[in-house]
Amino acid sequence: MVNLIWLFFIVFGFVVAVFTGRVEAVTEAAFEGAKTGVTVCFGLISILVFWLGMMRIAEDGGLLNKLAVLLRPAVRFLFPDVPKDHPALGYILSNMSANILGLGNAATPMGIKAMKELQKLNPDPTTATPAMCTLLAINTASITIIPTTIIAIRMNFESANPAEIVGTTLMATAISTTAAILVDRWFRHRTFSRPKREG
Amino acid sequence: MYEAINTISVWAIPAIIVFIPLYAYFKKVPVYESFVDGAKDGFNTAISIIPHLVGMMVAISVFRASGAMELLVNLIRPLVEAVGIPGEVLPLGILRPITGAGSLAFTTDLIQTHGPDSMIGRIASTVQGSTDTTLYVLTVYFGAVGIRNSRYALKVGLISDVVGFLAAVFICLIVFG
């Protein structure tokens, strides 16, 4: 699917550029895009290095296990196929908590760490497991309480009430998260509950 | 309420930064060594993401600069306006799952043009705050562990993005209408 989208962006973009006479702009945009990709990654280095260092301390100190025990029921429901005491659960929980608090920068490294732990349970390292898909679903739709960046932008443009969108954001994310969990369950069921005898 | 949320967002990170090492220290963890050890992981991870991100950013930039994005928006526009969604916010709905920086730029532009307290400004704010950049999350998370077959993950992400976008628009229309 990603293969197709990627190819579509480039090929369709090029075809349109021919008709709109923007071939030169497209060339420039391609290199500009590559540059942005590297810039974003370099921006990520400081955040990843810092948070993964912090998270290692939390892990070594036993904090992640504590958190996992506390929120176990919810995660058991969402990730039924991850063993009860697996470290992945701790990272999944920290990732979810960070997302809920709107700490996007902190959520990404923990999500990556969770993926790495889930990968250890993966029989085929190039194919996503159901648990990985669920983690991704929760991340893309994640419930947000404090959309900090947006509030800051609204303040910039002198909104009478910059935080008035907190309530609507919370409602919208509650709905999208519910949808993500339901759709994920449906696909998981459809993909994995067929009788395996035929294969 | 706003005060409370504001206080939480200001104190959350410093509290975490102080609490984690302090707690670990009392559990007899060599905190600095632990930090450096984990931090090395972070560096390698960031470097390993570069090819994935460069590939995706190039494709998106080509798509936007060529005018293909515009074309797509103009095609869908009459359809969405028929159900009451302001056409101006539609490109945001399309951009949001694809590019975080791009959609943030678009949101800023909408807020600047229509004002933060206009309906379009409120909808844009809510949409930007509600869903995440699915393609980015997928690229980074799966790229970091080397997953090539993402199974149904993208479909689930995009479906929940559509639900999130529609929910954001209609909740705003009801709450602020």
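Out of all the residues in the range A:50-74, which are crowded, with 22+ Cβ neighbours inside 10 Å and of a type in the set (Val, Ile, Thr)?
A:Ile57
If you check A:Leu89, A:Leu78, which single one turns out to be closer than 21 Å to A:Leu170 by Cβ, open to solvent by less than 60 Å² (accessible area, probe 1.4 Å) and either more than 8 Å from chain B (Cβ to nearest Cβ) or more than 19 Å from the chain's Cα centre (by Cα) (or both)?
Answer to the check: A:Leu78.
Just one of the numbered conditions (1) facing another protein chain (nearest Cβ under 7 Å); (2) modelled with pLDDT of 90 or more is not true of B:Thr134; which one?
(2)
Do we find a residue being of a type in the set (A, V, I, L, M, F, W, C) and closer than 26 Å to B:Val36 by Cα anywhere in the range A:72-83?
no
In the range A:168-177, what residues are surrounded by fewer than 23 Cβ atoms within 10 Å (Cβ to Cβ) and within 7 Å of chain B (Cβ to nearest Cβ)?
A:Met171, A:Ile175
Could you check, for the range B:107-126, whether at least one of its residues is closer than 27 Å to B:Val62 by Cβ, modelled with pLDDT under 85, open to solvent by less than 10 Å² (accessible area, probe 1.4 Å) and touching a helix residue (DSSP H, G or I) at 6+ places or on another chain (Cβ under 9 Å)?
No: zero hits.
The rows are residues; the columns are (1) in contact (Cβ under 8 Å) with a residue 40 or more places away in the chain; (2) outside any helix (DSSP H, G or I); (3) of a type in the set (Val, Ile, Thr); (4) facing another protein chain (nearest Cβ under 7 Å).
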{"position": "A:Leu7", "(1), (2), (3), (4)": "no, no, no, no"}
{"position": "A:Glu24", "(1), (2), (3), (4)": "no, no, no, no"}
{"position": "A:Ala34", "(1), (2), (3), (4)": "no, no, no, yes"}
{"position": "A:Val40", "(1), (2), (3), (4)": "no, no, yes, yes"}
{"position": "A:Val49", "(1), (2), (3), (4)": "no, no, yes, yes"}
{"position": "A:Leu52", "(1), (2), (3), (4)": "yes, no, no, yes"}
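Sort out which residues of the range A:132-162 are open to solvent by less than 50 Å² (accessible area, probe 1.4 Å), within 7 Å of chain B (Cβ to nearest Cβ) and either of a type in the set (D, E, K, R) or within 19 Å of B:Phe165 (Cα to Cα) (or both), and write them in order of number.
Once the filter is applied, which keeps residues that are open to solvent by less than 50 Å² (accessible area, probe 1.4 Å), within 7 Å of chain B (Cβ to nearest Cβ) and either of a type in the set (D, E, K, R) or within 19 Å of B:Phe165 (Cα to Cα) (or both), the range A:132-162 yields A:Leu136, A:Ala137, A:Asn139, A:Thr140, A:Ala141, A:Ser142, A:Thr144, A:Ile146, A:Pro147, A:Ile150, A:Arg154.
Output the qualifying pairs, or none if there are none: Cβ atoms under 7 angstrom, residues six or more apart or on different chains, first residue in the range B:108-126 and more than 7 Å from chain A (Cβ to nearest Cβ) and farther than 10 Å from B:Cys172 by Cβ, second residue β-branched (Val, Ile, Thr) and open to solvent by 10 Å² or more (accessible area, probe 1.4 Å).
B:Leu110/B:Ile120; B:His114/B:Ile120
What about B:Gly84, is it touching a residue at least 60 places away in the same chain (Cβ under 8 Å), more than 10 Å from every other protein chain (Cβ to nearest Cβ), within 21 Å of the chain's Cα centre (by Cα) and open to solvent by 10 Å² or more (accessible area, probe 1.4 Å)?
Considered against the rule, which asks whether it is touching a residue at least 60 places away in the same chain (Cβ under 8 Å), more than 10 Å from every other protein chain (Cβ to nearest Cβ), within 21 Å of the chain's Cα centre (by Cα) and open to solvent by 10 Å² or more (accessible area, probe 1.4 Å), B:Gly84 comes out as no.
The values are calculated or read from the model by the stated rules, or taken from the named source; none is laboratory data. All values derive from a computational prediction rather than experimental measurement. Cβ: placed from backbone, ideal geometry, glycine included. Neighbour counts: every protein chain shown. Just the protein is used for accessible areas: all its heavy atoms, side chains included, with ligands, DNA and RNA removed. Shrake-Rupley method; radii C 1.70, N 1.55, O 1.52, S 1.80 Å.
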